[in-house]
Amino acid sequence: MRYGYFDVANREYVIERPDVPVSWTNYIGVKDLGAVLSHNAGGYAFYQSAEHHRITRFRQNGVPLDRPGHYVYVRDDDTGEYWSLSWQPVGKSLAQASYHCRHGLSYSKFSCDTRGIQGEQLIFIPIEEDVELWDVRLRNTSGRPRQLSVFSYVEFSFHHINIDNQNLQMSLYASGASCADSIIEYDFFYEPWSFHYLAASFQPDSFDCRRDSFLGPYRTETDPLAVERGECFNSAELGGNHCGALHKRLTVMPGEERRLTFMLGVGPRQTGQAMRAKYSDPAQVDADFAALKEFWRKKYSVFQCHTPHPGLDAMINTWNLYQAETNVVWSRFASFIEVGGRTGLGYRDTSQDVLSVPHTNPAKCKQRLMELLHGQVQQGYGLHLFDPEVFKPQADQLPGVKLPTVVPTPSPADIIHGLEHTCSDDALWIVASVGEYVKETAEIEFLDQQIPFADGGTASVYEHLRRAIDFSTAQVGPHGVCKGLRADWNDCLNLGGGESAMVSFLHHWALLNFIEIARRLGRTADVEACTARAAQIRQVCEEQLWDGQWYLRGFTRRGLKIGSAENEEGKIFLESNSLAVLSEAATPEHGRQCMDAVDRHLFSPYGLHLVWPSFSRPDDDIGYITRVYPGIKENGAIFSHPNPWAIVAECKLGRGDRAMKFHDALLPYAQNDQIEIREAEPYVYCQFIMGRDHTAHGRARHPWLTGSAGWMYHAVTHWMLGIRPGFDGLTIDPCIPGQWPGFEVVRQWLGATYLIKVTNPRLAQHGVKAQRLNGQLVTGPIPPQPVGTVNTVEVEMA
Ligand code: GLC
């Protein structure tokens, strides 16, 4: 069953049936102001932080599941009938009205056609302003003049989300709202820096600032009293629950289109005035929307592919890139799942996310890298979850006033945790990401940049990376394998204080990346020492971790094996085996064998399971994973994040058919017509998909914010299509299905454009026979070409 389709040419996903099983969301805003909105315009806005600076309210996990939202109501003043431009909240019968939602790159467009009125609400945030615009159009197709009323509705939230949720004796009396000069201002009396506003391009005929006046007693957003009666109550109050409802009466002549703009923003009424003046001109709205489209065009133009696989093209050229960028910009803190309780950066998550988009968002990637390096302690480990704001001087305080609503910001000293809370993998991920950033930008001097440690002292980026690696060298257990510490990448596998095979593999991978950087900087002694260390790790891994058909996952503190054929449950894990190969620690033969075992035991039509069989009996020596229901999340679901590691592993083994088999199983695009099983958005990766040990096998959960986004983008662009910027040039090393006759990629790198055409006359899966740059044979990486040039690269596989 399908609910919509990919409009590839317009880079939009179009939802034709709004009664989707779960909300299908989109992200609006590319800088400080952001909103997460469903295909029914449900959701919330925030400024910089969904936790500390919330703008609109959201009743998470509510019934229905996406209320309230950023709504426009239309009322036929002749008949009293009303509807919303998104299907919900009014939820008019689909027999009487047709609704479409177009989710695009940082905008969503809701449209409704009913009773001879075509309505549209386009929501976006201009790149340069902290204001969310609703560009509303109403076209009369009925052939007779129509008297209409239009209403906006948002429910304002107290800015600190915990206070809004839990401390009503505070939140209900510490804010107020009023309407003056056609602008509703929501304010915090004693915090003169905190204001939100709702404005519109017209002079309102009525307004409501009090939520409960607008809705009416025992009513909801479905049937607000003000809309039903055709007029707001002009309510305003200090204290209470507040909303932004502005009402306008319109006469729309046959064939006529009326256009109104609403503006939801951050700042006091004066800012609202300025935005009102600016965006009352529809030409300005159009210009800013065009600028947003141009912003994304510039990004996606850096890498565009044309392959025999439409699903791969749609994801890589638009959706997967968009999702990967979203993770770098908003980390894990704003979605319908993460609803504001997790501000800041997860060390390992963000370290991996930035691997994916240094080519389209170098500035944000660099900012994230610097924040993460600052969140590293001198001993080399990373602070598992921290808010980089902690390291910035506090500004928002009134001198001498202690404010009850200010959530105290901890001092840097308070957030430094000891080894018992340290995850063994966190800081290792950043080594490859720093390398990738420098290869993409050629900003070699970044490696010398001085960055403080969280616990004092300063060192170069290069030295930070060395400490991350040295930390893992020091933290080994009795088998010589890295200790698991609190947990490794798998949050639920605590190993009871034991050792983690995957961290030893990851350590090896970090070393290889570090060696490449050290070689580029001419640090020969480091290259030699790290090369010797990497060889030792490989030896330990082969001696201690090879289980006969695949690699172990680790040892418990008591020395029992995890992820062994000897075990009854949890015999084989995806993370350790795919990383064994991705990290090049595995021997080629064991690499092939273990990935064959992954295919045999972990593959399903919806992707690779994390572990098989799932655990059914609690065992705290193994960890919390054994207390998760079988088939869910880390305990035997198809956990998306390591799936692309397996794809990279297969590419490193040169097996393009297998890589594509794994890719296609997880591909959301491929599940567009199976929404009765998948339920979640078919245009983004989800954190996990219920595994075969669960009754809902195939159901996807937790869309958008997942490490699989960045990793899948990296796996496809760098390893399947095989286009990798390096210190010496651009490597083109595809690993594709044997049936592909070839593919084309346009890649911008260091200011030059490369039109890459790969042909595969012998239907190989891997291997390059010859490559030509502008007609000339070249061996090895393609050297960077002069800025502004357009170059052809022909690659013949064999
Ligand atoms: C979640 C966490 C991530 C972790 C993964 C596996 O996605 O955000 O840090 O690696 O679960 O446990």
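Can you give the FRET efficiency to the nearest 0.05 for Asp286 and Lys769, using r as the Cβ-Cβ distance and R₀ = 45 Å?
Computed FRET efficiency for Asp286 and Lys769: 0.35.
Quick one: pull the percentage of alpha-carbon pairs in the stretch 85-195 with a separation above 19 Å.
62
If you average the C-alpha positions of the stretch 646-674 and of the stretch 237-313 separately, how far apart do those two centres end up, in angstrom?
Each part's Cα centre sits 37 Å from the other's.
On a full-extension model of 0.36 nm per residue, what is the gain between Thr141 and Arg219, subtracting their alpha-carbon distance, rounded to one decimal in nm?
Answer, rounded to one decimal: 24.9 nm.
What net charge do the residues around Pro668 carry, taking every other residue with its C-beta under 9 Å from that of Pro668, with Lys and Arg at +1 and Asp and Glu at -1?
Neighbour charge sum, excluding Pro668 itself: 0.
With both partners inside the stretch 660-798, how many of the DSSP beta bridges are antiparallel, as a percent to the nearest 5?
So the antiparallel bridges in the stretch 660-798 amount to around 75 percent.
Round to a whole angstrom and tell me the spacing of the C-alpha centers of the stretch 4-25 and the stretch 499-558.
Using only Cα atoms to place each centre, the spacing works out to 44 Å.
Given the pairs Lys248/Lys299; Lys633/Lys757; Lys392/Lys652; Lys561/Lys661, which are separated by over 32 angstrom at their Cα positions?
Lys248/Lys299; Lys633/Lys757; Lys392/Lys652
Just add up the charged neighbours of Ser411: K/R +1, D/E -1, any other residue whose Cβ is under 14 Å from the Cβ of Ser411.
-3
Whole number please: convex hull volume per residue of the Cα set in the stretch 499-596, in Å³?
Each residue corresponds to 89 Å³ of Cα convex hull volume.
Please label the shape of the stretch 208-276 as rounded, prolate or oblate, based on the square roots a ≥ b ≥ c of the eigenvalues of the alpha-carbon gyration tensor (a/c under 1.5 means rounded; beyond that, a/b larger than b/c means prolate, else oblate).
oblate
Over the stretch 424-470, what lengths in whole Å, largest first, do the semi-axes of the equivalent ellipsoid take, defined as the square roots of 5 times the eigenvalues of the alpha-carbon gyration tensor?
Each semi-axis is the square root of five times an eigenvalue, giving 18, 15, 7 Å.
Once R0 is set to 35 Å, what does the formula 1/(1 + (r/R0)^6) return for the Cβ-Cβ distance between Glu16 and Arg617, expressed as a FRET efficiency to the nearest 0.05?
For R0 = 35 Å, the calculated efficiency reads 0.15.
How would you classify the stretch 282-368 from its alpha-carbon gyration tensor, with a ≥ b ≥ c the square roots of the eigenvalues: rounded for a/c under 1.5, else prolate if a/b is greater than b/c, otherwise oblate?
oblate
Which values, in whole Å and largest first, are the semi-axes of the equivalent ellipsoid of the stretch 1-116 obtained as the square root of 5 times each eigenvalue of the Cα gyration tensor?
24, 18, 13
Under 13 Å from a point 7 Å along the Cα-to-Cβ line of Trp193: which residues of the stretch 237-257 have their amide N that close?
Residues passing the 13 Å test: none.
Using only protein heavy atoms and a 1.4 Å probe, report how much of Glu257 is accessible, in Å² to the nearest 10.
The accessible area comes out at roughly 80 Å².
Give, in nm to one decimal, the length gained when the segment between Ala180 and His421 is fully stretched (0.36 nm per residue of separation minus the Cα-Cα distance).
Extending this stretch completely gives an extra 81.6 nm.
How do Phe189, Phe603, Phe639 stack up against each other in accessible area, from largest to smallest, with a 1.4 angstrom probe?
Sorted descending by solvent-accessible area, the residues read Phe189, Phe603, Phe639.
Out of every Cα-Cα pair in the stretch 672-725, what percent are more than 19 Å apart?
Pairs farther apart than 19 Å: 40 percent.
Under a plain spin-label model, where a point goes 7 Å from the Cα along Cα-to-Cβ, how far apart in nm are Ala798 and Met370?
Computed distance between label sites Ala798 and Met370 equals 4.9 nm.
Name the aspartates and glutamates eligible as straight-distance cross-link partners of Lys92: C-alpha to C-alpha under 16 Å, and not fewer than 8 places from it in the same chain.
Counting by Cα, and skipping residues close in sequence, Lys92 has these aspartates and glutamates nearby: Glu16, Asp19, Asp76, Glu81, Asp113, Glu120, Glu221, Asp223, Glu228.
Leaving out ligands and nucleic acids, note down the accessible area per residue over the chain with a 1.4 angstrom probe, in whole Å².
35
Which number comes out as Rg/Rh for the stretch 409-526 once both Rg and the Kirkwood Rh are worked out on C-alpha atoms?
Over the Cα atoms of the stretch 409-526, Rg/Rh equals 1.00.
What value, in deg cm²/dmol to 500, does the helix sum -39500 (n - 2.57) over DSSP H runs of n ≥ 4 give at 222 nm once divided by the residues of the chain?
After summing the helix terms and dividing by the residues of the chain, the value is -8000 deg cm²/dmol.
In the neighborhood of Gly707, defined by Cβ-to-Cβ distances under 9 Å, what is the net charge if each Lys or Arg adds +1 and each Asp or Glu adds -1?
-1
Semi-axes, largest first, in whole Å: what does sqrt of 5 times each Cα gyration tensor eigenvalue give for the chain?
They are 47, 30, 26 Å, listed largest first.
Rounded, prolate or oblate: which fits the stretch 697-762, taking a ≥ b ≥ c as square roots of the Cα gyration tensor eigenvalues, rounded meaning a/c under 1.5, else prolate when a/b beats b/c?
oblate
Output the peptides 518-524, 178-184 sorted from most to least packed, where packing is the average of other Cβ atoms within 10 Å over each peptide's residues.
Ranked from most to least packed, the peptides come out as 178-184, 518-524.
Calculate, in nm to one decimal, what Gln203 and Phe727 gain on full extension: separation in residues at 0.36 nm each, minus their alpha carbon distance.
182.7 nm
Need one number: nm distance between label points at Glu445 and Tyr5, each 7 Å from Cα along Cα→Cβ, rounded to one decimal.
About 5.2 nm separates the two model spin labels.
With the crude spin-label approximation of a point 7 Å out along Cα→Cβ, what separation in nm comes out for Met253 versus Gln539?
Taking the simple label geometry, Met253 and Gln539 are separated by 9.0 nm.
The values are calculated or read from the model by the stated rules, or taken from the named source; none is laboratory data. Remember, it's a predicted structure, so these values are computed and weren't measured experimentally. Here Cβ is always computed from backbone atoms with ideal geometry, including for glycine, and neighbour counts include all displayed protein chains. All accessible areas refer to the heavy atoms of the entire protein, side chains included, with ligands and DNA or RNA removed. Shrake-Rupley method; radii C 1.70, N 1.55, O 1.52, S 1.80 Å.
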